[in-house]
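Reading through the structure tokens given below for one structure.
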Amino acid sequence: MNLILFGAPGAGKGTQSSLLIERMGMTQISTGDLFRAAIKNKTDLGRKAQEFMDRGELVPDLIVIGMVEEVLNKSVKDFILDGFPRTVAQAEALDELLKKMNLSIGKAVFLEVPMSELMDRLTGRRVCRSCGAVYHVKSKPPKKDGICDLCGGEVYQRQDDKAEVIETRLKNYEEFTSPLKAFYKKAGKYVEVDGNRSTEDVFSDIRQIIA
Ligand code: AMP
């Protein structure tokens, strides 16, 4: 089944996607990761996206949709869309793309996490620059400070996880992304999961949804 995972920044989309890849053999399409890779590789796309990302703003719809279309054209199946769509315009464009490609989304899973918890997760989040593994300064620090347990890469704080940028991201989430709940309810695909629990408990709910 193809799945959309959505929720506020810090809701756990990336963490749950990693488990779905590892345990269910699914494929992740994370627009945030794709942009970060483009920035690292200094491509045109990366240059265009970076200014928006650094400010905590959304990258314009046309750029994001074009990028997703390219990935979907590579005939992926059992995919998780992580961080896309983030606006109703993107959701409508996705419907069009999928129709054209004879593909469909089974469920749009919303990870519900209270605001106070999101702030704590985002300000404490650290990620590996090489493999993308996610850590937290309090709840899941790497064994050696600044070094990834999995690949030895550098563990750093994303520019957009700094306190001043987080506020903008959460505001944009409320304004542009939360209307997707109504969009997917209307489409009969909406499922809500309480994301304010252990990673394993959240995963177990998601696994049941896709079973
Ligand atoms: P993420 O890793 O999903 O938190 O995304 C990091 C940043 O990439 C976001 O704050 C946006 O600036 C940009 N981004 C990722 N996905 C999208 C999207 N679907 N639409 C617009 N901007 C996006």
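Only Cα pairs under 8 Å and at least 6 apart count here; give the relative contact order of the stretch 133-211 as a rounded whole percent.
Averaging sequence separation for qualifying contacts and normalising by length gives 11 percent for the stretch 133-211.
What percent does the relative contact order of the chain come to when contacts are Cα pairs within less than 8 Å and at least six residues apart? Let's see the in-between values first.
Working: 293 pairs, mean separation 63.4, N = 211.
For the chain, the relative contact order is 30 percent.
What are the lysines whose alpha-carbon lies under 23 Å from the alpha-carbon of Lys99, with same-chain residues fewer than 8 places away excluded?
Lys99 reaches Lys74, Lys77, Lys107, Lys181, Lys185, Lys186, Lys189.
In whole Hz and in residue order, list the ³J(HN,Hα) couplings for the stretch 152-157 that follow from phi through the Karplus curve 6.51 cos²θ - 1.76 cosθ + 1.60, θ = phi - 60°; x for Gly and Pro.
Here the 3J(HN,Hα) series is x, x, 7, 9, 9, 9 Hz.
Let a ≥ b ≥ c be the square roots of the eigenvalues of the Cα gyration tensor of the stretch 102-167; is it rounded (a/c under 1.5), or, if not, prolate (a/b larger than b/c) or oblate?
The shape class here is oblate.
Can you list the residues, at least 5 places off or on another chain, whose amide H is less than 5 Å from the amide H of Ser30, using H built in the peptide plane?
So Ser30 has HN proximity to Asp82.
At 0.36 nm per residue, and after removing the present C-alpha to C-alpha distance, how many nm does the segment from Arg55 to Glu174 gain when stretched out fully?
Working: separation 119, 0.36 × 119 = 42.84 nm, distance 1.63 nm.
Separation in residues times 0.36 nm, less the Cα-Cα distance, equals 41.2 nm.
Counting only other residues whose beta carbon sits under 14 Å from that of Asp78, what net charge do I get with K and R as +1, D and E as -1?
My count for the surroundings of Asp78 gives +3.
List the pair-distance distribution P(r) of the stretch 11-76, using every Cα-Cα distance, as the percent of pairs falling in each 10 Å bin from 0 up to the bin containing the longest distance, rounded to whole percents.
19, 45, 32, 4
Kindly write out, for the stretch 79-84 in residue order, the coupling ³J(HN,Hα) from the Karplus curve 6.51 cos²θ - 1.76 cosθ + 1.60 (θ = phi - 60°), rounded to whole Hz, with x marking Gly and Pro.
These are the phi-based 3J(HN,Hα) values: 9, 10, 8, 10, x, 9 Hz.
Taking a quarter of the surface of the Cα convex hull of the stretch 74-137, what do you get in nm²? Mind showing how you got there, number by number?
Working: hull surface 25.4 nm².
If you wrap the Cα atoms of the stretch 74-137 in a convex hull and average its projections, you get 6.4 nm².
Given the C-alpha atoms of the chain, compute the convex hull and give its volume per residue in Å³.
Enclosed volume per residue, from the Cα hull, is 119 Å³.
Let me check I've understood the local charge: for Val165, count other residues with C-beta under 14 angstrom from its C-beta, Lys and Arg +1, Asp and Glu -1. What total comes out?
Neighbourhood net charge equals -1.
Based on the Cβ-Cβ distance of Gln157 and Ala182, what FRET efficiency does E = 1/(1 + (r/R0)^6) give at R0 = 35 Å, to the nearest 0.05? Numbers along the way, then the final one.
Values: r = 34 Å, r/R0 = 0.96.
Here the calculated transfer efficiency is 0.55.
Quick one: which residues, 5+ away or cross-chain, put their amide H under 5 Å from the amide H of Arg197? H built at 1.01 Å from N.
Placed amide hydrogens put nothing under 5 Å from Arg197.
Which residues' amide hydrogens lie under 5 Å from the amide hydrogen of His136, considering only partners 5 or more residues apart or on another chain, with H built in the peptide plane?
Arg126
Could you please report the charge total around Leu103, scoring K, R as +1 and D, E as -1 over all other residues with beta-carbon less than 15 angstrom from its beta-carbon?
Around Leu103, the charge tally is +1.
Could you give me the ³J(HN,Hα) list for the stretch 182-197, computed from phi with Karplus coefficients 6.51, -1.76, 1.60 and θ = phi - 60°, whole Hz, x at Gly and Pro?
With coefficients 6.51, -1.76 and 1.60, one gets 5, 4, 7, 5, 4, 7, x, 10, 6, 9, 9, 10, 6, x, 9, 9 Hz.
Just so you know, all these numbers are worked out from the coordinates, no wet-lab data involved. Keep in mind it's a predicted model, so treat the numbers as computed, not measured. Note that we place each Cβ from the backbone using ideal geometry, even for glycine, and neighbour counts take in every protein chain shown.
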